[in-house]
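Trainee: Dumping the structure here so I can ask a few things about it.
Any read-out appearing in this document is the output of simple, stated calculations on the displayed coordinates, not a laboratory observation. Every value quoted in this text rests on a predicted model; they were computed, and no experiment measured them. Glycine also receives a Cβ, built like all others from the backbone with ideal geometry; neighbour counts cover every protein chain displayed.
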Amino acid sequence: MNRSRYLAKSRLRRPRALFAALAISLAGSVHAGAPSVASLSGAPTSTQLQWAARFEHGEGIPRDVGRAVQLYCLAASRGSSEAQYQLGWMYANGRGVPRDDALAAAWFRKAAAKGDAISQRLLIAFGKVKMKSASCVGPTRGAGAGVVQVAYRAAPRVDFESTPERRQIVAWVREMAPEYQLDPDLVLAVLAMESGFSSSAVSPKNAQGLMQLIPETADRFGVQDAFDPVQNLRGGMAYLRWLLAFFGGDVPLALAGYNAGEKAVERYGGVPPYPETQAYVSRIVQRYGKIWHPPVAGVVEPSALISAAAARVQAESKP
């Protein structure tokens with residue numbers, strides 16, 4: 001079976017059904033802005049698919065494949081075979097993402113397991129490719145018009161068990177992170193990037209300790225001794241929790257805020273176009289493997305960046 005020919009045919013068949021449904025609800029609709037991924041995280045799967053398709057093809061909004069991948073991933077994580085198929089097709093064809101046959105096959109395999117006939121036939125067309133897990137780490141993070149996209153490049157692996165000191169730090173993180181409603185793996189990814197597990201680290205900007213707290217942030221979160229590893233971890237986790245609450249669980253935005261400050265993220269409407277911040281977000285997201293964290297409630301009112309987008313989605317979803 002000619003895989004390229006079959007991929008082309010399958011692409012023509014599948015999106016027509018999707019865009020037929022979109023035509024009714026979105027015909028004649030042109031939006032000056034677009035919602036963030038965070039604001040769509042709790043939306044119905046059908047809504048996530050609609051916006052993902054619009055971002056992928058630039059239907060009435062600026063094309064943003066990075067955001068399309070994120071939304072397809074959110075829908076796929078809920079078991080949507082349509083989203084799983086779309087991710088497989090994008091990776092199989094290198095459409096807006098690096099071509100990756102193994103990753104494409106992994107997504108087709110998920111959709112096929114749910115009875116998706118086209119994905120089942122595509123797996124036959126692919127023949128034998130190496131096994132790979134379906135991953136939801138997108139190649140780019142598009143935060144909207146005018147915001148620089150961030151390429152997710154591979155980050156070096158970190159050995160959390162290499163020394164007794166590291167093992168102790170990991171144990172503290174896994175014990176304390178749930179108190180702050182945080183995924184310990186995200187905290188460890190930030191910690192590895194910030195200080196490499198050195199409690200005595202000091203940056204050129206006077207960021208101190210394991211989580212590299214500048215004096216103002218340490219004061220803000222009640223850290224008296226930034227070189228005390230437990231105090232530093234608690235201060236860093238408190239700030240990370242605050243950022244995740246502020247940015248509605250959007251991991252790239254929270255990380256950008258940790259590195260560049262939440263005001264810079266709001267000013268640019270997404271990850272700021274600073275090379276340092278882009279590299280920082282890229283490496284931690286690659287290491288963490290997720291772009292979404294369960295929202296932290298009761299800490300702070302969401303950013304206007306999130307609340308405005310959520311209000312727009314709610315208004316547009318009304319009949």
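Trainee: Would you pull out the residues with amide H under 5 Å of W292's amide H, same chain only if 5 or more places away, H placed 1.01 Å from N?
Mentor: Amide H neighbours of W292: V251.
Trainee: If the cut-off is a Cα-Cα distance under 13 Å, which aspartates and glutamates reach K110, setting aside same-chain residues fewer than 8 apart in sequence?
Mentor: K110 reaches E82.
Trainee: Residue by residue, what Karplus-based ³J(HN,Hα) values in Hz, rounded to whole numbers, does region 59-65 have, using 6.51, -1.76 and 1.60 with θ = phi - 60° and x for Gly and Pro?
Mentor: Those phi angles translate into 7, x, 9, x, 5, 8, 5 Hz.
Trainee: All other residues with a Cβ under 13 Å from the Cβ of S41 taken together, and with Lys, Arg as +1 and Asp, Glu as -1, what is their net charge?
Mentor: +2
Trainee: Would you please give the residues with an amide H less than 5 Å from that of L213, counting only those at least 5 places away or on a separate chain, with H modeled from the backbone geometry?
Mentor: Q208
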